[in-house]
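The values are calculated or read from the model by the stated rules, or taken from the named source; none is laboratory data. Not measured: the values here are computed from a predicted model. Counting neighbours? That spans all protein chains shown, and the Cβs are built from the backbone with ideal geometry, glycine included. Heads up: the accessible areas ignore ligands, DNA and RNA and are worked out on the full protein's heavy atoms, side chains in. Shrake-Rupley method; radii C 1.70, N 1.55, O 1.52, S 1.80 Å.
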Amino acid sequence: MNYRASKENLLNKTSDCLCLPLFKDGTLCSQGKQVDEQLSQSVSKLIEKFKISGEIGKTTLLPIDADKTQRVLLLGLGEADKLNKASFRKAAKALASALKETNIQELGLDLSNIKLSDSPHSLTETTAEIILAIEESKYTFDQFKSKKTTPSPLESITFHVGNNVNEVETSIKKAQALSAGMNFTKDLGNMPGNVCTPIYLAEQSEELAKSSDKLSVKVLDEEELEKLGMGAFVSVAKGSIESGKLVVLEYKGADDANEAPHVLVGKGITFDTGGISLKPGPLMDEMKYDMCGAASVLGTLKAITQLEAKINLVCLLACAENMPSANASKPGDIVTTMSGITVEIMNTDAEGRLVLCDTLSYAEQFKPASVVDIATLTGACIVALGDAASAVMGNNDDVINALLAAGLEAGDKAWQLPLWDEYQEQIDSPFADIQNIGGKGAGSITAACFLSRFTKSYPWAHLDIAGTAWVSGGKNKGATGRPVPLLLNYLLNKAS
Ligand code: BES
Ligand code: MN
Ligand code: ZN
């Protein structure tokens, strides 16, 4: 897809189709009115004649007999003073799906006087939302299908933006990088567990590292993890014939190479059977998504490298397959973590925290400015928040608030759960320092309590993305690319 920002007036350029915003009261925006005049009121006449609705997200395609354009696509934006980021996003999605039903190859639109009530940067924001919606609607994952989906004919969109070309171009670049990152995350998430193994994630990381000379990669295999004393990580990996991998990616984009890096840690369980504490059969296929934490870290890193962001970033991917086997851990087994803390494995299905805890200890050597781990960690998170928000918990209010704000900004929301001391005793063990599960209640919080024991030396927050990373069951099943929008904003806000 080709996205351009142009100074030119809408009708100065010939295009396949013009998109004109239409408000609920039947009025066009001022640019739309100009176009209507140039087309001898043919648009407003049709609006009136057919009582075309400007309801938010309603789209209507009008054939127009003019030199410069063949069609006008009316995009309902509802009530002008109620329009905000969220409702515009809805409209952008409607536009993308309406375009899919047509053979339109190029579209022109002018959003320069559309105002969002909750944004001081309406033009760049609406531009980005259109691009994200189009890229999302074009996403396919059909590499395992004999019959491929026919690609949509839409090739280019021109944003007519008057004197705002530069800032809109910046916004286009960011939206394209974000889309590329999200698509990468979706591909990795949707990939079946027999293809997307720990080695596969390592290879994808190596491939990504080739795209930027600011990015280097190192892959530690199971033997090296053993040597580092990562007893918890290895206790999960050893149950599978696929070797566990810790992928270490270092991106140096800041002017000062020695600036303290931000660290992202991703849970990369490429399939979670539950291990000896085997999961029930229904929906178990969806446990191929249990590496979406790692996938979202890679997607974010892809966007960061594409944008050449001025930040130092370390990405750690904790990759393993959780299998039941003769080598697998058993309930009651006790392991020693890299930190020295001993853990009684009460449930082998609480494996994410086991690979993460050692990876979080490994993060210490980078003397990080902040550490954020991202994990499809608990089913309880879906019970608490559904798919609307990722859960966030941590030991540092600045990091937590920055994540919450970044998510809100990106329309990729997170919500804080309390990590109070009251919950900590749930992970006391009679035989080891701690155990890997809590009691009946507050499962997402006790999981975070576990992680908190390993993150005392730096500012840290944890994102539980079990409800947001993929759509479960049904026809729309698939990875969502979340929380890449949140993470990218979080990091760009830290970048200079
Ligand atoms: N990967 C799962 C969490 C999960 C479950 C994510 C369902 C999305 C949908 C995780 O490894 C797990 O199994 N967690 C257990 C923890 C329990 C044993 C304390 C859970 O949530 O049931
Ligand atoms: Mn599990
Ligand atoms: Zn898991």
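Against the chain, whose longest principal axis is taken from its Cα atoms, helix 397-410 shows a tilt of about 30°. Going by accessible surface with a 1.4 Å probe and the largest first, Glu48, Glu135, Glu167 read Glu48, Glu167, Glu135.
With all protein chains in place and a 1.4 Å probe, the accessible surface of segment 115-221 carries 50 percent carbon and sulfur.
Here the chain is scanned for chymotrypsin sites (Phe, Trp or Tyr not before Pro) in DSSP loops (not H, G, I, E, B) that have at most 14 other Cβ atoms within 10 Å, and the longest stretch holding none of them is 145-419.
Applying 1/(1 + (r/R0)^6) with R0 = 30 Å to the Cβ-Cβ distance of Ile199 and Thr170 gives a FRET efficiency near 0.20. Around the amide H of Asn84, modelled in the peptide plane, lie the amide H atoms of Ser117, all under 5 Å away and 5 or more residues distant in sequence or on another chain.
If the viscosity is 0.692 mPa s and the temperature 37 °C, what Stokes-Einstein diffusion coefficient in µm²/s follows for the chain when Rh is the Kirkwood radius over Cα pairs? Taking Rh from Cα pairs, D becomes 138 µm²/s. Below 19 Å, Cα to Cα, which lysines can Lys310 reach? Residues fewer than 8 away in the same chain don't count. Candidates past the 8-residue exclusion: Lys173, Lys174, Lys210, Lys214, Lys252, Lys302, Lys367, Lys494. The GluC sites (Glu not before Pro) of segment 178-214 include none that meets both criteria, a DSSP state outside H, G, I, E and B (loop) and at most 14 other C-beta atoms within 10 angstrom of the site's C-beta. Helix 352-363 axis versus longest C-alpha principal axis of the chain: approximately 90°, rounded to the nearest ten. Protein-only accessible surface at a 1.4 angstrom probe places the residues Arg353, Arg4 in the order Arg4, Arg353, largest first. Entry note, the chain: relative contact order of 14 percent, from Cα contacts under 8 Å with a spacing of 6+ residues.
Backbone geometry of segment 122-138 corresponds, through the Karplus equation with coefficients 6.51, -1.76 and 1.60 at θ = phi - 60°, to 3J(HN,Hα) couplings of 4, 5, 5, 5, 5, 4, 4, 5, 4, 5, 4, 5, 5, 5, 5, 6, 8 Hz, x marking Gly and Pro. Which FRET efficiency, nearest 0.05, do Thr150 and Asp65 yield, Cβ-Cβ r, R0 41 Å? Result of the calculation: an efficiency of 0.90. Rolling a 1.4 Å probe over the protein heavy atoms of segment 1-103, with every protein chain left in place, gives an accessible area that is 47 percent carbon and sulfur. Rounded to the nearest whole Hz, the Karplus-based 3J(HN,Hα) values (6.51 cos²θ - 1.76 cosθ + 1.60, θ = phi - 60°) of segment 180-196 follow the sequence 4, x, 5, 5, 4, 4, 5, 4, 5, x, 6, 4, x, x, 7, 9, 7, with x at glycine and proline. Surface composition of segment 396-489: carbon plus sulfur atoms contribute 51% of the solvent-accessible area (1.4 Å probe, protein chains only, all chains present).
Dividing the helix sum by the residues of the chain, where each DSSP H run of 4 or more adds -39500 (n - 2.57), gives a mean residue ellipticity at 222 nm of -11000 deg cm²/dmol.
A 1.4 Å probe run over the chain, with the rest of the protein chains in place, finds 42 Å² accessible per residue. Residue-wise HN-Hα couplings along segment 369-381, as the Karplus relation 6.51 cos²θ - 1.76 cosθ + 1.60 with θ = phi - 60° gives them from phi, are 6, 7, 10, 10, 9, 10, 8, 7, 8, 9, x, 4, 5 Hz; Gly and Pro carry x.
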